[in-house]
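K.L.:
Shown below is the structure under consideration.
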Amino acid sequence: MTDTARLQDWQGRLDQDARRRGVQADRLIALWAGAVLVLMLLYICIGPNPYQHEILVDPLTGGAEASPVNRLVWLGLFGLSAPLLWFRRQALPAMMLKLLPLLVLFAWFALTTRWALDPAVSTRRLILYAINLLICVAIAVGMGDSRRLHLAMATGCAVLVGVDILSWIAAPGVSMTPLGLAAIHSHKNTLGAVMLLAGFVCGTYAWSRTDWRARAFWWGVTVLALVLLVASLSKTSMGLFAALACATPVIVSLMAQRRMVRWGLIAVAALMVAGVVFGWLAYCLVVGADPWAPLAGITFTQRTEVWAFVWDEFVKRPIQGWGFGSFWDIDPTVQPSLQTDAWFAQPDAYTNEAHNGFLDLAVTTGLIGLTGAVIVLLRWIFGGLILIRDAAGGDRGRLGAAILLGVFPLMVFGHNFMESSYFTANSIFGTVLLLLGVEIERRFIRA
């Protein structure tokens, strides 16, 4: 063998060893990011006060007690995820470019803290959400693959299902509340939201598996999540899960069609809806009936009264709003709801959200913040649907991850008409949506 041949062989071995070390390093970084994701998911779903089934009002502030553990946990999670940003630093410039609309929105949120009702609370909540964003960016770039992210989320959800099942069996008296099963969580609606997330994540992951043993395990976890969901008696979460179960196959089938077929089906569906509405209006005109009569008396469990109050407050500052996160759970001397004698401001019916995420964004960040937030959400919705379209007909694992990314933003869009989670710090769906939104942006970078 000549010296040139020996040199080439030696160089080839070096390159092969470097590639092997690179693959191993990539796996270790992805495992690290997955562990941070599981820990974050467990914390946002359980919170700092397990089994605390009632909101404790701070007598000094009049708002819900703020746990000092919360900020320490988020700072700890950020500390765990910060090395991921360093290891993946080459991907960050492109990531920041794609996140530019979201960063501009955060800049507006920061500006609203200058005129907030309670600037200190507003600033703290914005800093917390900015830390959430940094952690989500670190997880997304650390994973580097939506299938890994799907697995990590399913693992975290499976742990939550196991914890809640064991809690129900071992401590039924503590786990059950007069309103429904809450288990280790703060409220039965919180358990409902967690099991809605677990059922959707684990169900899509079970569908994406090819091995029958893995599929049986994950379907079993999904069934247990549904049992807990029903036991929670959370009507909103049960209704959303039923809607997801019906809509997800339709969405995937629709996105798998050719463009002309897809738009044709959408047009037909829109015409059918328009026909039903026109027919109803024509019928009411002929018989002289009020077309809004079927909705008369519906309060959505007294939500309409809260909505009316928040709307009136929004009208007072329609452009700039009252400041990010500066409307509920703030200084009682300036909190608008506590200046009224409304039922939702009483200690026995304490309310700390508008039960409509879009109204909460409007009243706190104004029309500018609401418009920007809706644009970002629509960007994630359409981006997720495009990922489903691109993955249709391919690998089941890739399609399963795309379904998670494409359908979850749609679910959050519907959920926020009855609850507030979009851009709400410490919110389960708000944090998960932020993570998946960042992952959607990352996928566009790769494309």
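K.L.:
At a Cα cut-off below 28 Å, give the lysines reachable from Lys188, other chains included and same-chain residues fewer than 8 away excluded.
P.N.:
Qualifying lysines at Cα under 28 Å: Lys235.
K.L.:
If you don't mind, there's one more thing I want to ask. Give me the net charge of Trp108's neighbourhood, meaning all other residues with Cβ under 15 Å from the Cβ of Trp108; Lys, Arg count +1, Asp, Glu -1.
P.N.:
Its environment carries a net charge of +3.
K.L.:
Here's something else I'd like to know. Among 219-228, 152-161, 234-243, how do they line up from the highest to the lowest mean number of other beta-carbon atoms within 10 Å?
P.N.:
On the way: 219-228: 20.1, 152-161: 23.3, 234-243: 18.3.
So the peptides 219-228, 152-161, 234-243, ranked by packing, come out 152-161, 219-228, 234-243.
K.L.:
Compute the signed sum of charges (Lys and Arg +1, Asp and Glu -1) over the other residues within less than 13 Å, Cβ to Cβ, of Leu433.
P.N.:
-2
K.L.:
Sorted by mean Cβ packing within 10 Å, highest first, what order do the peptides 198-206, 283-291 take?
P.N.:
On the way: 198-206: 25.6, 283-291: 10.0.
Highest to lowest by the protection proxy: 198-206, 283-291.
K.L.:
What relative contact order, as a whole-number percentage, does the range 268-351 give when Cα pairs under 8 Å and 6 or more residues apart are counted? Working shown, then result.
P.N.:
Working: 22 pairs, mean separation 9.4, N = 84.
Relative contact order comes out at 11 percent.
K.L.:
Quick one: what are the phi-derived ³J(HN,Hα) couplings along the range 357-374, Karplus 6.51/-1.76/1.60 with θ = phi - 60°, whole Hz, x for glycine and proline?
P.N.:
Residue by residue, the range 357-374 yields x, 6, 5, 5, 5, 5, 6, 9, 10, x, 5, 5, x, 4, 4, x, 5, 5 Hz.
K.L.:
For a protection proxy built on the mean count of beta-carbon atoms within 10 angstrom, sort 250-261, 415-426 highest first, please.
P.N.:
Most protected by this proxy first, the peptides run 415-426, 250-261.
K.L.:
Sticking with this one: Can you spot the lysines whose alpha carbon is less than 27 Å from Lys98's alpha carbon? Ignore those fewer than 8 places along the same chain.
P.N.:
Within the straight-line cut-off, Lys98 pairs with nothing.
Bear in mind these aren't lab numbers, they're just calculated from the coordinates by the rules spelled out. Computed from a predicted model, the values in this text were never measured in an experiment. Every residue, glycine as well, gets a Cβ built from its backbone with ideal geometry; the counts of neighbours run over all protein chains shown.
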